[in-house]
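Notes to accompany the following structure.
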Amino acid sequence: MSTDQVQQDIIEEFGFFEDWMERYQYLIDLGKRLPSLAPEEMTEDRLLDGCQSSVWFIAEGNADELKFRAQSDAAIVSGLIALLLRVYSGRSAADIIATEPAFIDAIGLSEHLSPTRANGLDAMLRAIRNVARSAQEKANG
């Protein structure tokens, strides 16, 4: 499934909810379904800067396919992670770099996240894109 289709699916899912309390609950539910990292993976060097809550981020793979895993100690942030992983994990570095996260504005996250959560979302996006750029540079020699 293309990144555009995945984003469209997310937009449609959030369209089922009438208000933001329901959408927040859905985000929390998505976060609860995220696979947990092993305790030994939750190290200081894997913590993302720019997030008020703790977010551990792991990237694996190469320019052909990058997979991401992450975990947060905050429920809504875990839901945001789940959405980002749906769009970006398992993609090529070129796909990741070329894919703008249009779903964020389309579902209203930009307007409804607190400034600290918005900063955390930006930090996660930056981390994903930085890994993709690095993998692409490595592949190009």
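Only residues that are buried (at least 16 other Cβ atoms within 10 Å of the Cβ) and acidic (Asp, Glu) were counted in the range 89-107, giving 1. The residues of the range 25-53 that are without any contact (Cβ under 8 Å) to a residue 60 or more places away in the chain and touching a helix residue (DSSP H, G or I) at 6+ places or on another chain (Cβ under 9 Å), listed by number, are Tyr26, Leu27, Ile28, Asp29, Leu30, Gly31, Lys32, Arg33, Leu34, Leu37.
Of the helices (runs of 4 or more DSSP H) lying entirely inside the range 72-141, the ones with 1 or more residues being touching a residue at least 40 places away in the same chain (Cβ under 8 Å) and among the hydrophobic types (A, V, I, L, M, F, W, C) are found at 75-88, 93-98, 102-106, 115-139. No other residue among Asp73, Asp95, Asp49 is charged (D, E, K, R) and at pLDDT 95 or above apart from Asp95.
Test Ile58 against the criterion of being among the β-branched types (Val, Ile, Thr), under 16 Å from the mean Cα position of the chain (by Cα), closer than 21 Å to Val131 by Cα and not in a helix (DSSP H, G or I), and give yes or no.
Details: among the β-branched types (Val, Ile, Thr): yes; under 16 Å from the mean Cα position of the chain (by Cα): yes; closer than 21 Å to Val131 by Cα: yes; not in a helix (DSSP H, G or I): yes.
For Ile58, the condition - among the β-branched types (Val, Ile, Thr), under 16 Å from the mean Cα position of the chain (by Cα), closer than 21 Å to Val131 by Cα and not in a helix (DSSP H, G or I) - is met.
The values are calculated or read from the model by the stated rules, or taken from the named source; none is laboratory data. Computed from a prediction, not measured in an experiment: that's the story for all the values here. Using ideal geometry, Cβ is built from the backbone for each residue, glycine included, and neighbour counts are taken over all protein chains shown.
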